[in-house]
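What follows is calculated from the coordinates using simple rules that are stated; it is not laboratory data. All of these numbers come straight from a predicted model, not from anything done at the bench. With ideal geometry, Cβ positions are generated from the backbone for all residues, glycine too; neighbour counts draw on all protein chains shown.
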Amino acid sequence: MLLFTPSRYTLILLPLPGGHFSNSTMFDGDYDYLIKFLALGDSGVGKTSFLYQYTDGKFNSKFITTVGIDFREKRVVYRSNGPDGTAGRGQRVHLQLWDTAGQERFRSLTTAFFRDAMGFLLLFDLTNEQSFLNVRNWISQLQIHAYCENPDIVLCGNKSDLEDQRVVKEEEAKEFAEKYGIAYFETSAVDGTNVNKAVDTLLDLIMKRMERNLGQNKYQHNFIRAGAKR
């Protein structure tokens with residue numbers, strides 16, 4: 001087991017790419033790997049509701065605007081695929097999903113957390129064109145402040161359940177994502193559409209990146225044994 005540490009926070013490396021995820025009931029501290037994600041996007045695009053849907057499987061309409069930084073947690077099991085295609089031993093993964101404030105006055109606080117995350121969920125509101133136009137600015141901020149110039153990002157057009165209020169066309173968003181080489185999903189925090197798929201895709205991207213970089217000196221990070229129940 002390897003603990004990936006880009007800075008004062010810890011991110012855990014999954015050793016093999018491929019596989020699938022499932023919910024798991026585990027005691028505190030009883031896990032193999034810890035991974036931290038950061039949810040980004042303008043205020044009001046549904047970041048908090050998106051994360052709540054992922055961790056709790058339901059929609060909470062009573063959320064207020066996030067002030068500063070908050071986070072939610074979830075345990076999943078990842079099973080790697082062997083050379084013959086059979087599922088390997090399940091790896092217990094503890095996810096920390098950091099929820100950021102979208103308002104400009106919190107931007108300096110938000111960017112301070114960029115370098116501590118390994119992957120990013122970038123959300124915009126399908127019913128708010130300006131939130132989509134601002135995605136370019138969020139990506140620019142990530143390229144400046146994240147742990148590398150080309151971090152793993154999954155773009156989510158949220159509030160897909162409000163189809164009659166949509167102003168951002170699916171083709172337009174897909175074209176934008178393709179230009180930047182990032183995955184795109186249309187999601188709904190209300191009914192759960194593509195929420196799990198978006199997060200699982202980001203996990204796959206991170207594991208594959210770490211598998212490629214394992215043993216290389218591209219990044220100046222320390223690796224120590226940690227995470228699992230002793």
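A few notes on this one:
- For the residue pairs Lys58/Lys179; Lys179/Lys208; Lys58/Lys208; Lys174/Lys197; Lys74/Lys169; Lys169/Lys208, the alpha carbons lie more than 28 Å apart in Lys58/Lys179; Lys58/Lys208; Lys74/Lys169; Lys169/Lys208.
- R0 of 30 Å, Cβ-Cβ distance Asp30-Ser61: FRET efficiency to nearest 0.05: 0.35
- Spin-label pair Lys197/Glu178, simplified geometry with 7 Å Cα→Cβ offset, distance in nm: 1.8
- Estimated inter-spin distance, Tyr147 and Ser43, nm [label 7 Å along Cα→Cβ]: 3.0
- q = 0.13, 0.15 Å⁻¹: log10 I(q)/I(0) that the Debye formula gives for the stretch 118-181, counting C-alpha atoms only: -0.35, -0.46
- Ranked for footprinting exposure by Cβ neighbours inside 10 Å, fewest first, Leu203, Leu38 give Leu203, Leu38.
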